[in-house]
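First comes the structure, then the notes that go with it.
No value in this document is a laboratory result; all are computed from the given coordinates. This is a predicted model, so every value here is computed, not measured. Reconstructed Cβ throughout: ideal geometry from the backbone, glycine too, with neighbour counts over all protein chains shown.
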């Protein structure tokens, strides 16, 4: 967005927005990609709905997320994934945080991923979605380190 002489530069057009969301509690993965229940852990950041209102002109952003995966019992798991969601959908081309436990019981890894993006003006919400292949229930996500950090800048 260009700024012309005499334009009023409001704080919403100048200030970045940053916040972090964490998995609310332990979660056992299934074969169905499921939206995770996240809580906002950023002091002073008002929205509890994981949404932001982007001002006129839009914002560029960087999402960084991690999945804290743990294989609870050996089996045939080939991959467990955590995906970023923006406005309820996984962005096209966005990478995944992926875990391949190698069939080692109690194998645990906190795997990251990141994605730069642009948001048009309006209300947007963020989240994480997870699943496991094949569809078995022996991989869980641990809370605290399964998280999503968002930085938005005008």
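Tell me which label goes with the value of mean projected area of the Cα convex hull in nm² computed from the coordinates here: [x] 9.2; [y] 14.6; [z] 16.6. Step by step, mean projected area of the Cα convex hull in nm² for this structure corresponds to label [x].
When each of the peptides 89-97, 146-154 is scored by how many other beta carbons lie within 10 Å of its residues on average, the order from highest to lowest is 146-154, 89-97. Of interest is the spacing of the C-alpha centroids, which for region 67-92 and region 99-150 amounts to 5 Å. From its DSSP helices (H runs of at least four residues, each -39,500 (n - 2.57)), the chain gives a residue-normalised ellipticity at 222 nm of -500 deg cm²/dmol. Once the Cβ-Cβ distance of residue 42 and residue 104 is raised to the sixth power relative to R0 = 22 Å, the FRET efficiency obtained is 0.05.
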